[in-house]
Amino acid sequence: METVPSKKTDILDGNITQAQFNQWKYKHKKVVKLTIADDDETPLFAYFRKPDMSIRSAVLQASKMDEFKALEVLFKNCYLGGDGKIEQEDDLRLNITTAFSDHIQPKPVTIEIL
């Protein structure tokens, strides 16, 4: 009887597989990885996709009434995966989503009138 060697599954930061990460990259082109430390200084990882115009619009609309709601809209629509503790603890989710929000802000533009 011949045994089939088992395939080793590569686990990346945030307890995601290399295959999952590859799928995200294929589907979303760019994946943003963020790191945050919990109360025990253990690093936790989260992966986000960049928002499209419809998500940006929903975040903007939500921010007019409640900035925390806007961050929740951003998290729910752009979070791909990572350490489960981030999803479970409000302060971790809030901090990492705020950092992601800061990262995706519009870049400065130079305007020149000719």
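Any read-out appearing in this document is the output of simple, stated calculations on the displayed coordinates, not a laboratory observation. Please read all numbers here as calculations on a predicted model, not as lab measurements. For neighbour counting, all protein chains shown are included, and Cβ atoms are generated from backbone atoms with ideal geometry for every residue, glycine included.
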*By its C-alpha gyration tensor, with a ≥ b ≥ c as the square roots of the eigenvalues, how is the range 39-81 shaped: rounded for a/c under 1.5, else prolate for a/b larger than b/c, else oblate?*
oblate
*In degrees, nearest 10, range 0 to 90: what is the angle between the Cα axis of helix 18-28 and the longest Cα principal axis of the chain?*
30 degrees
*Provide, for q = 0.10, 0.12, 0.15 Å⁻¹, the log10 of I(q)/I(0) from a solvent-free Debye sum over equal Cα point scatterers in the chain.*
-0.39, -0.52, -0.73
_Modelled FRET efficiency - R0 41 Å, A37 with K64, Cβ distances, 0.05 increments_ = 0.80
*Does anyone have the angle between helix 90-103 and the longest principal axis of the chain? Alpha-carbon axes, 0 to 90°, nearest 10?*
60 degrees
_Likely footprinting exposure, S101, S54, S63, fewest C-beta neighbours within 10 Å first_ = S54, S63, S101
*Could you please report the charge total around E87, scoring K, R as +1 and D, E as -1 over all other residues with beta-carbon less than 11 angstrom from its beta-carbon?*
0
*Using the alpha-carbon atoms, what tilt in degrees (0 to 90, nearest 10) does helix 53-63 show relative to the longest principal axis of the chain?*
60 degrees
*Return H28, H103 ranked ascending by Cβ neighbour count within 10 Å, so the fewest neighbours appear first.*
H103, H28
